[in-house]
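Please read the structure below before turning to the comments.
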Amino acid sequence: MGTIAAISVGLKRESVAKIIPNHDLGICMMRMPMEQAQREKFLQLFDAHADELFSYCRSRIRDQTRALELIEATFMKSWDHMRIGRQLNAGRLYKVLDELLHTENTKSFA
């Protein structure tokens, strides 16, 4: 199943490596020191919000491939925030994505 197909049928933790081809998030998560409960919370947030984040991103970015890259960056940055002890929730995911979208839009007008 390709990346786009994985998105359209629903992003779930089993498809993390398919969605994030340049960074195997599963391997990345195992290398980082973190409590199992934190890993599970991250994956639960992924399961609960990946589809809606992608839809939100697609409403702002026409290029589907670029939207996937921004979702990848959103989860990677969010993982880094959580890894250093910051709280992570849906609001934080949207904040990270909005910051990336703002940067993206700024670049396109430069």
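Dimensions of the stretch 42-110 along the principal axes, based on C-alpha atoms and rounded to the nearest Å, stand at 35, 22, 17, largest first. In summary, the aspartates and glutamates within cross-link reach of Lys95, defined as a Cα separation below 17 angstrom excluding same-chain residues under 8 places away, comprise Asp51, Glu52, Glu69, Glu72, Asp80, Glu104. In loop segments of the stretch 35-110 as defined by DSSP, the GluC sites (Glu not before Pro) with at most 16 further C-beta atoms inside 10 Å of their C-beta are Glu35.
Under the simplified labelling scheme, the Asn105-Met76 pair shows an inter-label distance of 2.3 nm, with each label point 7 Å from Cα along Cα→Cβ.
Here, each number is a calculation from the coordinates, and none is a lab measurement. Keep in mind it's a predicted model, so treat the numbers as computed, not measured. Because the Cβ atoms are built from the backbone with ideal geometry, glycine has one as well, and the counts that use them run over all protein chains shown.
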